[in-house]
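Undergrad: My questions will all concern the structure given below.
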Amino acid sequence: MSTEDNITEEAPVSLPFDLENVPELHAVPAGEEKLRLTRVATGQGKKGDYILLTQEVANDSNAKDIRTFLSLPNAEDDPKSVNRKRRAVVDALTAYSIPAPAGQLSAQVLSDHMAQYVGSLAWALLSSKDEGDTYGEQNSVKRYTKSA
């Protein structure tokens, strides 16, 4: 018996959803929105370590994800830059009601701590910008406004 003898024609799989009418992802208009934290990751760029937050608009299942880079202080930063970067992290922590961990932190420790709060909600003022043909209209967090 050849392998071909074991192959049978099967009926097409019937899916419980419609693939012909899938809505496009879109950016939301600039303004205040409630966001949900969906992912926390860490990375290293040309200017040092960063935390990457992935967030979604809580009440719009077709809105594009919003990614926020939190650049972490490094040895080359002047005091003003160090404090600006620290404030950005504290603002995100506060908005998502994440308690700030104490002591000297590595990017990975901070990322792991924040990842425990995936699913948390925050309010943010969003901007909207056209990123060209590759990404199209994108939202970004101008600033977090209050905790949800």
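The values are calculated or read from the model by the stated rules, or taken from the named source; none is laboratory data. Computed from a predicted structure; not experimentally measured. Counting neighbours? That spans all protein chains shown, and the Cβs are built from the backbone with ideal geometry, glycine included.
Undergrad: Return a yes/no flag: does the stretch 70-92 have any residue that is under 29 Å from Asp130 (Cβ atoms) and part of a strand (DSSP E or B).
TA: Yes, the stretch 70-92 contains a residue that is under 29 Å from Asp130 (Cβ atoms) and part of a strand (DSSP E or B).
Undergrad: Can you report the number of residues in the stretch 126-148 which are modelled with pLDDT of 90 or more and within 18 Å of Val89 (Cβ to Cβ)?
TA: Total satisfying the criteria: 6.
Undergrad: Inspect all residues belonging to the stretch 44-56 and state whether any of them is basic (Lys, Arg) and farther than 13 Å from Ala124 by Cβ.
TA: Yes; the residues of the stretch 44-56 include at least one that is basic (Lys, Arg) and farther than 13 Å from Ala124 by Cβ.
Undergrad: Answer yes if at least one residue in the stretch 53-64 is loosely packed, with under 13 Cβ neighbours inside 10 Å and without any contact (Cβ under 8 Å) to a residue 12 or more places away in the chain, and no otherwise.
TA: Yes, the stretch 53-64 contains at least one residue that is loosely packed, with under 13 Cβ neighbours inside 10 Å and without any contact (Cβ under 8 Å) to a residue 12 or more places away in the chain.
Undergrad: When Lys46 is evaluated against the numbered criteria (1) surrounded by 14 or more Cβ atoms within 10 Å (Cβ to Cβ); (2) more than 17 Å from the chain's Cα centre (by Cα), which criterion, by number, is the only one it fails?
TA: Condition not satisfied by Lys46: (1).
Undergrad: Is it the case that some residue within the stretch 116-137 is more than 16 Å from the chain's Cα centre (by Cα), assigned to a helix (DSSP H, G or I) and not small (Gly, Ala, Ser)?
TA: yes
Undergrad: Of Pro101, Pro23, Pro12, Pro16, which residue is surrounded by 10 or more Cβ atoms within 10 Å (Cβ to Cβ) and either part of a loop (DSSP other than H, G, I, E, B) or modelled with pLDDT under 95 (or both)?
TA: Pro101 is the lone residue from the list that is surrounded by 10 or more Cβ atoms within 10 Å (Cβ to Cβ) and either part of a loop (DSSP other than H, G, I, E, B) or modelled with pLDDT under 95 (or both).
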